[in-house]
1. For the chain, list log₁₀ I(q)/I(0) at each q in 0.18 Å⁻¹, using the Debye formula over Cα point scatterers of equal strength and ignoring solvent, two decimals each.
2. Quickly work out the His72-to-Cys100 label distance, labels modelled 7 Å from Cα along the C-beta direction, and quote it in nm with one decimal.
3. Cross-link list Lys108/Lys174; Lys124/Lys155; Lys8/Lys33; Lys17/Lys39: which exceed 32 angstrom alpha carbon to alpha carbon?
4. By how many degrees, 0 to 90 and rounded to 10, does the Cα axis of helix 110-121 deviate from the longest principal axis of the chain?
5. In deg cm²/dmol, rounded to 500, what helix-only [θ] at 222 nm does the chain give when every DSSP H run of at least 4 residues adds -39500 (n - 2.57) and the total is split over its residues?
6. Can you compute the FRET efficiency between Arg176 and Lys36 using 1/(1 + (r/R0)^6), with r the Cβ-Cβ distance and R0 = 35 Å? Round to the nearest 0.05.
7. Set the Förster radius R0 to 35 Å, insert the Cβ-Cβ distance between Asp59 and Lys8 as r into 1/(1 + (r/R0)^6), and round the FRET efficiency to 0.05.
8. Springs between alpha-carbon atoms under 10 Å, Gaussian network over the chain: tell me which of Arg78, Arg70, Arg175 tops the mean-square fluctuations.
Amino acid sequence: MITHSGEKPYSCPECEKRFTSKANLRKHMWSHKDEKPHKCSVCEKRFTERVALRKHVRDLHHMCPVCEQRFHGDATLRDHLRTHVLDGTLDESIVTFYTCTECGKQFKQKGNLQQHKLTHSGDKPHQCSVCAQRFRRLCDFKQHMLTHTGEKLHKCSLCDRSYEHKSSLVQHLKRRHHMRISHFH
């Protein structure tokens, strides 16, 4: 079978990328078109593939992509989606979640599950070369390294102040510039 042999006999005439099946080549061909025929009914974002639209609706809007019923959280939505898988109106890949074998917590992305598993193992793979402190998450390690360099990455766009932590910048914006901030990226 071609899929298991690694052979990719189908090539894209646009970019020469190769595929194991005609179906995958056809799906890829959409990436060369400006056309995005699948539109989200909630936010109107457009997608080249129906499966991408369905995942967007499920993950961002907590809405069933089949019947458009909305849910408050992932668990109730996931249970509902399984009814559509059973009746054949939804592909099972849409309902796939990654489950922690230790505690049963579920994640939409495999990387998030892998990060979560470190909380059970106690493993802290990121070590500071200056003070030898160890960190479970790369983002925490990077934040820690700023304490040694003194670098302040979070700069105020309204004045010349800079901060080590984003939370300090948010406090500055509220107090000094009287900004009302409810959600800050």
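Every number here is computed from the coordinates shown, using simple stated rules; none is lab data. None of these values were measured; they are calculated from a predicted model. Cβ placement follows ideal geometry from the backbone for every residue including glycine, while neighbour counts extend to all protein chains displayed.
1. Debye intensities relative to I(0), on a log10 scale: -1.14.
2. Going from the Cys100 label point to the His72 one covers 2.2 nm.
3. Over 32 Å Cα-Cα: Lys108/Lys174.
4. So the helix axis and the longest Cα principal axis differ by about 50 degrees.
5. When only DSSP H runs of four or more count, the value is -11500 deg cm²/dmol.
6. 0.20
7. Rounded to the nearest 0.05, the efficiency is 0.70.
8. Arg175
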